[in-house]
Amino acid sequence: MAIFGLDVGSRTVGVAVSDPMGWTAQGLEIIRINEDEQEFGIERMQELVAKHKPTGFVLGLPKNMNNSFGPRAEASQAYGKLLEATFGLPVDYQDERLTTVEAERMLVEEADISRKKRKAVIDKLAAELILKNYLDRKGPLLTTGSTRMTFD
């Protein structure tokens, strides 16, 4: 009953997974992609889906500060459509404004991690924050015997 949280960029996709109950989010890895070359890391995503068996995906939606959609938000939605077509699983979106800024702050202030090391983990942490914010907003996947199988 896990859900994948994704932070989609033009060069990487940060991946996080929820626990089966939908209470917590854990960063998994960063998949290297190349939008310009139409390489989207689907082979690696297939491996992760086979291993973790998620019931759906939550993608960060990088809206502009005025709530409008720019090129990055449109690219995230295109990636979501690719996932839906490939896996037949539902895709939902979580506003991710300032998520990367929050992840950077956490790594600097709370963990005192060097800039080089931050670059290696920031997308994974951003995916974890996207998923955690989504889970906090939606509530647990399993509640009093009922199962939420679809996104709303």
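Nothing in this text is a laboratory measurement; each read-out follows from the coordinates by a stated rule. On a predicted model such as this, the values are computed, not experimentally measured, just so you know. All Cβ positions, glycine included, derive from the backbone under ideal geometry; neighbour counts span all protein chains shown.
The table below gives the values:
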| item | result |
| --- | --- |
| Mean Cβ neighbour count within 10 Å, used as a protection proxy, ranking 47-60, 65-78, 23-36, 1-14 highest first | 1-14, 47-60, 23-36, 65-78 |
| Principal semi-axes in Å for region 1-94 [√(5λ), Cα gyration tensor, largest first] | 21, 16, 12 |
| Local net charge near Lys124, Cβ-Cβ under 10 Å (Lys/Arg +1, Asp/Glu -1) | -4 |
| Leading residue at positive end of dipole, region 1-96 (Cβ point charges), from Phe69, Ala25, Tyr79 | Ala25 |
